[in-house]
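Here's the structure, in structure tokens; my notes come after.
The values are calculated or read from the model by the stated rules, or taken from the named source; none is laboratory data. None of these values were measured; they are calculated from a predicted model. Because the Cβ atoms are built from the backbone with ideal geometry, glycine has one as well, and the counts that use them run over all protein chains shown. Just the protein is used for accessible areas: all its heavy atoms, side chains included, with ligands, DNA and RNA removed. Shrake-Rupley method; radii C 1.70, N 1.55, O 1.52, S 1.80 Å.
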There are 4 protein chains.
Amino acid sequence: MSGNTFGKIFRVTSFGESHGQAIGCIIDGCPPNIKLSESDLQIELDKRKPGTGIAATKRNESDSAKILSGVFDGFTTGTPIAIVIFNEDQKSKDYDNIKDIFRPGHADYTYFKKYGIRDYRGGGRASARETIARVAAGAIAKKILLKNGIKVSGFVNQIGSVKATNFTEKDIDKIYENEVRMPDENASQKAIELLKKTLAKKDSIGGIVEVRATGVMPGLGEPVFDKLDAKIAFALMSIPAVKGVEIGSGFSSVEKNGSENNDLMKVKNGKELFLTNNAGGILGGISNGNEIVARIVVKPTSSISKEQTFLTINNEEKTLNIVGRHDTCIAVRAVPIAESMLALTLVDALLEQKTIK
Amino acid sequence: MSGNTFGKIFRVTSFGESHGQAIGCIIDGCPPNIKLSESDLQIELDKRKPGTGIAATKRNESDSAKILSGVFDGFTTGTPIAIVIFNEDQKSKDYDNIKDIFRPGHADYTYFKKYGIRDYRGGGRASARETIARVAAGAIAKKILLKNGIKVSGFVNQIGSVKATNFTEKDIDKIYENEVRMPDENASQKAIELLKKTLAKKDSIGGIVEVRATGVMPGLGEPVFDKLDAKIAFALMSIPAVKGVEIGSGFSSVEKNGSENNDLMKVKNGKELFLTNNAGGILGGISNGNEIVARIVVKPTSSISKEQTFLTINNEEKTLNIVGRHDTCIAVRAVPIAESMLALTLVDALLEQKTIK
Amino acid sequence: MSGNTFGKIFRVTSFGESHGQAIGCIIDGCPPNIKLSESDLQIELDKRKPGTGIAATKRNESDSAKILSGVFDGFTTGTPIAIVIFNEDQKSKDYDNIKDIFRPGHADYTYFKKYGIRDYRGGGRASARETIARVAAGAIAKKILLKNGIKVSGFVNQIGSVKATNFTEKDIDKIYENEVRMPDENASQKAIELLKKTLAKKDSIGGIVEVRATGVMPGLGEPVFDKLDAKIAFALMSIPAVKGVEIGSGFSSVEKNGSENNDLMKVKNGKELFLTNNAGGILGGISNGNEIVARIVVKPTSSISKEQTFLTINNEEKTLNIVGRHDTCIAVRAVPIAESMLALTLVDALLEQKTIK
Amino acid sequence: MSGNTFGKIFRVTSFGESHGQAIGCIIDGCPPNIKLSESDLQIELDKRKPGTGIAATKRNESDSAKILSGVFDGFTTGTPIAIVIFNEDQKSKDYDNIKDIFRPGHADYTYFKKYGIRDYRGGGRASARETIARVAAGAIAKKILLKNGIKVSGFVNQIGSVKATNFTEKDIDKIYENEVRMPDENASQKAIELLKKTLAKKDSIGGIVEVRATGVMPGLGEPVFDKLDAKIAFALMSIPAVKGVEIGSGFSSVEKNGSENNDLMKVKNGKELFLTNNAGGILGGISNGNEIVARIVVKPTSSISKEQTFLTINNEEKTLNIVGRHDTCIAVRAVPIAESMLALTLVDALLEQKTIK
């Protein structure tokens, strides 16, 4: 069936395989009269591009986005925006060795079981290369949100056991200047050391990414199923390698009492405000005006250069080390993707809220 | 807009307020020829009923479900199944004192901001009483899953800092005999002590619930957005008071290396199997045949008898203690709800998978 | 799968069988703060009630609607509105004779082939009694439309070969005072004569219903699939017994030249207006500000008292005359239903249009 | 909002403007393991290509389709199939003269009112060029249907007052060899004469297209809204210039009695069959195993070379004749488009039906 569309009003339908001809998407439901150019997309795409930093793979792609429709004289027209990014560095031969095997931690086995056929080249549709479409669409979502006073940001909170603890809003604003996208300079250095060691072991390591949205007005999100936090959880969990999502205090609220966890309100200068933000900006599935805060855990990259035991499609066991281009910690590159998914969720909720006004 | 429908094929549309006339749902897309009676629903509804145990509120309702359509001569006909549960113990007067205030941790403020109007009686639509509809629908989902060899179960994993650590599958099977729904007898006793102390403090405490599904065939779930784990995250996060969801190793995978986190495969008696289950039964968003494992954190109940500072709809601060019927730890009653949401997610994925065969 | 929901934003999910316990629906996505009471629904329901006029069946039901949720203190709250109408005059015994046969022109055969099971009592889900839910939901849609200056009306245009030709807007306003709902008094008398003759022959006859909407602002409808006319066609064709839909000039445009069919525009008092309305108020799938005009053909009632040859579920031929309660011309009772479906389509398009503003 | 997606399971999301860079679509939900190549699409696309015959415009495009994803080694993989057709003959300068005017019968006015902006070049999104995407997607739908024994065909039934009356199934099979796609040679000649006269008058003329599907098993279609005929009506009415849809006897059933209109059944060689097909293959919204028959009326082309009075965006009246490339009777080119929409509707219903088995 059809699982490649995200959103109810601002709808993103994605396509493309890692080593097919192109990756892209159609965005249907984008409001008209938004200023939009290909360079708006490129700014965001460059943030997720492989090839930079200790954490990342070395795939060599320009990942340049073309807008095929829906924009006229520099403005959106309200009709579908088709975006296409042609794959350049396809190197299909790299992948002949994995044609008949199920790589551990990958979707090789499950795609094969689901469809009875799979495009094995670089993981095909299951490759994280599909996130290009998310980021391109997210760039448009971010523009619309900004026009409405909403700003989305993200950063790496933790790599292995190294946590970012000491940082300010300003550090987050400069996050893409940092090799591991940690806002805490000290933690950042430790994380780089950890990544070097991990790489030397031919292994990989997990990470936690935090995303935030400021300026969100109260009232976004729909009870009882399409709650804002449920949609955020859906959006973030759909990112490759993500295995957990939490909002506000999240899992740490298990040990809290209601009296500490409840965010009390005050009035200041005639405006209601919350004294704390354990709720992560969402109450009863609806935004409360506070900052939206969500965290995801990104599992250690499945592709490692270390030797592992595989199963072939003929059910034979094989021991191999896969030579290829792997991220040591994919959490680092997940930052712009997580931002995009939060932005897509929020823009959809924003447009949705207009229907009851 | 419309956020009260769950599922793509097996679609549950829910309605009802805490102190309105009734709670219920319509299930559209249920396959025909499933044996179904009201008592099938009642068995599950009785698991979530208030009024039992140290952790629970004392609301006195029979919560008996009526099937209004879609079943003929004891079998589903393929047409919509309408289920209604009339509210009995409405006691609307209880709630006059909260008419003009925004209770901390509740959706009072956000509903008011969203809609400009709210049914304040017992939280109205935001009350966890809406979960009756989830459990009634979940009962049908469970029946269909069982016919397909899939069994869903759940239990409380942690209350405050007390964790269930020592238990077997059998303990989970008897979970509804346990007052706090913890499969570990020792932990269970400690948790009851903790709850008593918490109650004495007029406070509440958080909890973690784990749900599992065994017998899930490989191939369920749709890339790239409607991944099985993304849909589970959506389903579970939409439960009132849930602030986090994790699959398999979840947040603990942050400190793992790829080489330990990858679940290797073997062939045993001609069947593929995974040696570990860090993936929680899902790879690339598609079930891998392993047990599905998900955990949610349920925040401490917002309604506490302790005095708290509120804001009124006129932006005045007030200090009050709300006398009412509160759960000390809602995680306990969340177990059948979480099971239901997992079952609804799986049955939808199961029917979805038929469309490509 | 699930085909019992209508609309994208203002979503109506319908349930119920002719001789089950109840008929009803949930409306999700209704804006808050709309004044609404059960009597608002009753006014419309009384228009479709059986038991009145030469054209109609004699089923004796009060068809009184209960609102179970979504309305508080006389206003909608934005949460789902559940409506239920309990069946009173069920008389299931009437239908034992049709248990094993496929009535000509009915859905008995197709339901059985589709589901392998059917509720044969009075046609079950396929009975036109399901239209109660459409009319109840339509009543709310009409209220919202009126608040936005849009008025929906309908009437019978033709019965057999008798056409309404001579009438004004005022005649349409009084249409429910007319036994056959024809605005032309002369045609109306002829139609009644025809119906009497048809009834005497134990037969039935077809009809054409026209629905209109005035006050529709330009801009409603979504290209390229969800065009306003496509959605109207869908809405109207989903009414039982409807076999054709046309917009504006409709089928008569086949013999026209473009130069006569194009509606030219003028400016009058600073406002654009169309000199003709061959387009029926819709251009390129989007409303143009002109009156929306649609017509449907309603086939002659399949249930007739005349003897017919049937097939049984065991593939035996039988000749029988079905004694029962039949409409001689269902087009007459289709008027409020067609109005409702047009109203539901327009309210959905109206709310949809808000998402791009 | 988003109106550019068709279908529930086999979902086609369309994009592109007449003089933008490309037209295309993403098909999500196509089953895996279907043999598919670009030439499969080309065969169908060539049927709708402009530039052939007396009825058609002279736009010079190769309209060659590229498949960007979802096909591997010649077979579909179950992942989204992106199709793109680049526009070659854009000639944007042709359209500078219509930049500020609302052409009669076109969507210029309504797009402008809806969006406040429009891509005026060749009608932009409202151009019938978008139907390329429908035909490309329809080609895949037809392949899947054929695998299931279902064959879709179409032809021109009427042009102006000239009707096709004398023809067989075989004539329909060769329809694309006929300049006006009428299966009746005699009528075909008269229609060509009529078109020549119409062209000489610088005018256009309407037409009726009939589409059929044979081999449809009983059971397709979903009550009560998503009926097969309702979905067909939606699908066909969404085609540019279509103003009416009828199924089976359609509008002619108004003058019929129930006793003539009911299709009686017989058993022949152990198989049920219908003696007549007034129902057009659909009863109660569900296919009955008989041939599906639907007809649409296509209004006379709005673009004519004759002088007409226009309104400008500044509300000034202007009299002009638009020099350009116009079809004299668009019904002729609508044949493959109508076939495609019927095929898309049927393949969706076919996959939908699998979910209840």
By the scheme Lys and Arg +1, Asp and Glu -1, what is the net charge of all other residues having a beta-carbon under 15 Å from that of residue B:155? 0
How much of the accessible area of region A:5-353, in percent, comes from carbon and sulfur atoms when a 1.4 Å probe is used? 49
In region B:137-194, trypsin sites (Lys or Arg not before Pro) in a DSSP loop with at most 13 other beta-carbon atoms within 10 Å: B:174
Can you pull the mean other chain C-beta count within 10 Å for peptide B:271-284? 4
In short, region A:21-35 residues buried by 30 Å² or more of accessible area relative to the isolated chain (1.4 Å probe) are A:21, A:26, A:28, A:32, A:33
Sorted from largest down, what three extents in whole angstroms do the Cα atoms of region D:292-345 have along their principal axes? 48, 21, 15
Quick one: which residues, 5 or more positions from residue A:22 or on another chain, have an amide H under 5 Å from its amide H? H modelled 1.01 Å from N in the peptide plane, none for Pro or chain starts. A:17, A:87
Across region C:32-45, in residue order, what do the Karplus-derived ³J(HN,Hα) couplings come to in whole Hz, using 6.51 cos²θ - 1.76 cosθ + 1.60 with θ = phi - 60° and x for Gly and Pro? x, 6, 8, 5, 8, 9, 4, 5, 4, 6, 4, 3, 6, 4
Between A and B, buried accessible area summed over both sides at probe 1.4 Å, in Å² to the nearest 100? 8600
Would you kindly calculate the translational diffusion coefficient of region D:5-353, applying Stokes-Einstein with the Kirkwood radius from alpha carbon pairs, for 37 °C and a viscosity of 0.692 mPa s, and quote it in µm² s⁻¹ without decimals? 155
Quick check: Cα centre of region B:195-241 to Cα centre of region B:264-313, how many Å? 6
For residue D:35, go 7 angstrom from Cα along the Cα-to-Cβ vector, then report the distances to that same point in the other copies in nm, smallest first. 4.6, 5.4, 6.8
Under 5 Å between amide hydrogens, which residues at least 5 positions from residue A:75 or on another chain qualify, with H placed 1.01 Å from N in the peptide plane? A:36
Between residue B:157 and residues 5 or more places away or on another chain, which pairs have amide H atoms under 5 Å apart, with H built 1.01 Å from N, and which residues are they? B:208, B:209, B:210
Gaussian network model of chain D, springs between alpha carbon atoms under 10 Å - residue of D:208, D:117, D:175 with greatest fluctuation: D:117
Across 10 Å bins beginning at 0, the whole-percent shares of Cα-Cα pair distances in region D:151-247 come to 14, 38, 32, 12, 3
Rounded to whole angstrom, the alpha-carbon centroid of region D:115-175 lies from that of region C:61-135 at a distance of 37
Quick one: with label points 7 Å out along Cα→Cβ, list the inter-copy distances for residue A:166 in nm, shortest first? 4.3, 9.6, 9.8
Would you report the distance distribution of C-alpha pairs in the protein assembly as shown as whole percents per 10 angstrom bin, up to the bin with the largest distance? 2, 9, 17, 22, 21, 16, 9, 4, 1, 0
Innermost chain D residue relative to the axis carrying D onto A, by Cβ distance in angstrom: D:13, 2
So which trypsin sites (Lys or Arg not before Pro) in region D:95-139 end up in coil per DSSP with only 15 or fewer other C-beta atoms within 10 Å? D:99
Could you give me the ³J(HN,Hα) list for region A:8-13, computed from phi with Karplus coefficients 6.51, -1.76, 1.60 and θ = phi - 60°, whole Hz, x at Gly and Pro? 9, 10, 8, 9, 10, 10
What are the ³J(HN,Hα) values, in whole Hz, obtained from phi via the Karplus relation 6.51 cos²θ - 1.76 cosθ + 1.60 with θ = phi - 60°, for each residue of region C:134-148 in sequence order, with x given for Gly and Pro? 4, 6, 4, 5, x, 4, 5, 4, 4, 4, 5, 4, 4, 4, 9
What value, in deg cm²/dmol to 500, does the helix sum -39500 (n - 2.57) over DSSP H runs of n ≥ 4 give at 222 nm once divided by the residues of chain B? -8500 deg cm²/dmol
Summarise the partner chain shielding of C:203-209 as one whole number: the mean count of Cβ atoms from other chains within 10 Å of each residue's Cβ. 5
Charge dipole magnitude, Cβ of K and R +1, D and E -1 - the protein assembly as shown, Cα centre, debye nearest 20: 0
Sorted largest first, the C-alpha extents of region A:216-275 along its principal axes in whole angstrom are 44, 29, 20
Gaussian network model of chain D, Cα springs within a sub-10 Å range: biggest mean-square fluctuation belongs to which of D:245, D:267, D:162? D:267
Farthest toward the dipole's positive end in chain B, which of B:267, B:221, B:312, given Cβ charges of +1 (Lys, Arg) and -1 (Asp, Glu) about the Cα centre? B:312
If you roll a 1.4 Å probe over the heavy atoms of the protein chains, what accessible area per residue do you get for the protein assembly as shown, in Å²? 32
List B:110, B:214, ordered by accessible area with a 1.4 Å probe, largest first: B:214, B:110
If eta is 1.002 mPa s and T is 20 °C, what Stokes-Einstein diffusion coefficient results for region D:105-152, Kirkwood Rh from Cα pairs, in µm²/s? 166
Average partner coverage of B:262-269, which counts Cβ from other chains inside 10 Å: 5
Under a GNM of chain D (C-alpha, springs under 10 Å), which listed residue has the highest mean-square fluctuation: D:264, D:346, D:36? D:264
From the label point of residue A:200, set 7 Å from Cα along Cα→Cβ, how far away are the matching label points in the other copies, in nm, ordered shortest to longest? 5.5, 9.3, 10.6
